[in-house]
Amino acid sequence: MSGDSEHLLVIDGNNLVRRIHAAIKEEDPAAHMAETLRSCRSSFRRARQNHPHTHALAVFDAGGQNWRHRLYPRYKADRSPSPVGLDELMKSLRAELEGQGLRTLSVPDIEADDAIAVLAMRWQQRNRGTMTILSTDKDLCALLSPSVSVHDHFGNVSRDAAWVLAKFGIEPGLIQDYLALVGDKTDNIPGVEGIGPVKAVQLLKEFKSLQGILESRSLQKVARQVVRNREMALLSQALVGFKTDVSIGVSWADMRVGGSAPAGP
């Protein structure tokens, strides 16, 4: 099979499982977990049926603190604890998926989005073909390219450049700069005080990037606000960025659906 015909399907496992768990309205804890597991099995099966692929991988968070917490101790500090039983459910689900021939992955000290970014970078560097990421995590839209797509499995919507533009008013390549300015309450990323979505978009359209704002000598009040808060802006940019200088311990052959493939990544 030629590189052009290869397709890598990457499923954001934590994103899928947590979305399903949150959507189920069963009050009894045991029944809630049972229904979550049943729905997860169905969703993984549907994902693989709806996205033909030569390679596939389900990526999960390793759990515990990671490099982002060392950079900013309050990272995700306001999040509620994981629901009782959900971590065990994920372990059980991963074992099932592995038994069905779907490789799963978690890497200590990085999060699932970092591992997905590593895969996207190396898949493209080797010009292997196309890649689909199944996730509703907006951060992953920063990885969009002619060969990498992001798909909302639940809404059955392609989160392409047009979606990003309609949602945020910017191009995908500016997602991280945008979040560095406005912050992200979900992950407790501070952003720049006083900069909301409208101002952030205006600044990025005028100065092209966060770095462009910081290097400007503009007399504009909003731009000066960012420059005065340079350290917080750069910290936030680092937190929303991806750590890709790591080994993720999986090969293309591990991800191949049947047969064999050259080693990597």
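The values are calculated or read from the model by the stated rules, or taken from the named source; none is laboratory data. As the structure is a prediction and not an experimental result, all values here were calculated from the model. Cβ sites come from the backbone with ideal geometry, for glycine too, and all protein chains shown count toward neighbours.
Looking at the structure I just gave you, is Ala77 closer than 20 Å to Lys243 by Cβ, touching a helix residue (DSSP H, G or I) at 6+ places or on another chain (Cβ under 6 Å) and outside the structural domain of Ala180 (by TED's automatic domain parsing)? No: the conditions fail for Ala77. Checking each residue in region 67-102 for being part of a helix (DSSP H, G or I), more than 15 Å from Leu16 (Cβ to Cβ) and in contact (Cβ under 8 Å) with a residue 60 or more places away in the chain picks out Trp67, Arg68, Leu71. The single residue among Ser158, Ser106, Ser135 that is over 23 Å from Leu174 (Cβ atoms) and at pLDDT 95 or above turns out to be Ser106. Among the residues examined, Glu98 qualifies as among the charged types (D, E, K, R) and modelled with pLDDT of 95 or more. Selection over region 51-60 of residues that are without any contact (Cβ under 8 Å) to a residue 60 or more places away in the chain and more than 15 Å from Thr104 (Cβ to Cβ) gives a count of 1. Listed by first and then second residue, the pairs with beta-carbon distance under 8 Å, at least 6 apart or on different chains, first residue in region 18-36 and within 18 Å of Thr186 (Cβ to Cβ), second outside any helix (DSSP H, G or I), are Arg19/Thr136; Arg19/Phe154; His21/Pro83.
Close Cβ contacts (under 8 Å, 6 or more residues apart or on different chains) running from residues in region 197-214 that are without any contact (Cβ under 8 Å) to a residue 12 or more places away in the chain and assigned by TED's automatic domain parsing to the domain that holds Glu171 to residues that are of a type in the set (A, V, I, L, M) and exposed (fewer than 14 other Cβ atoms within 10 Å of the Cβ) are absent. In the set Gly99, Gly63, only one residue is within 25 Å of Leu143 (Cβ to Cβ) and small (Gly, Ala, Ser); that residue is Gly63.
Residues that are touching a His at 6+ places or on another chain (Cβ under 7 Å) and either surrounded by fewer than 16 Cβ atoms within 10 Å (Cβ to Cβ) or not assigned by TED's automatic domain parsing to the domain that holds Cys141 (or both) do occur in region 246-255, at least one of them. What about Arg79, is it charged (D, E, K, R) and surrounded by 17 or more Cβ atoms within 10 Å (Cβ to Cβ)? Criteria not met by Arg79. Has region 25-38 got at least one residue that is hydroxyl-bearing (Ser, Thr, Tyr), in the same structural domain as Glu88 (by TED's automatic domain parsing) and either over 19 Å from Asp254 (Cα atoms) or surrounded by fewer than 19 Cβ atoms within 10 Å (Cβ to Cβ) (or both)? Within region 25-38, one or more residues are hydroxyl-bearing (Ser, Thr, Tyr), in the same structural domain as Glu88 (by TED's automatic domain parsing) and either over 19 Å from Asp254 (Cα atoms) or surrounded by fewer than 19 Cβ atoms within 10 Å (Cβ to Cβ) (or both).
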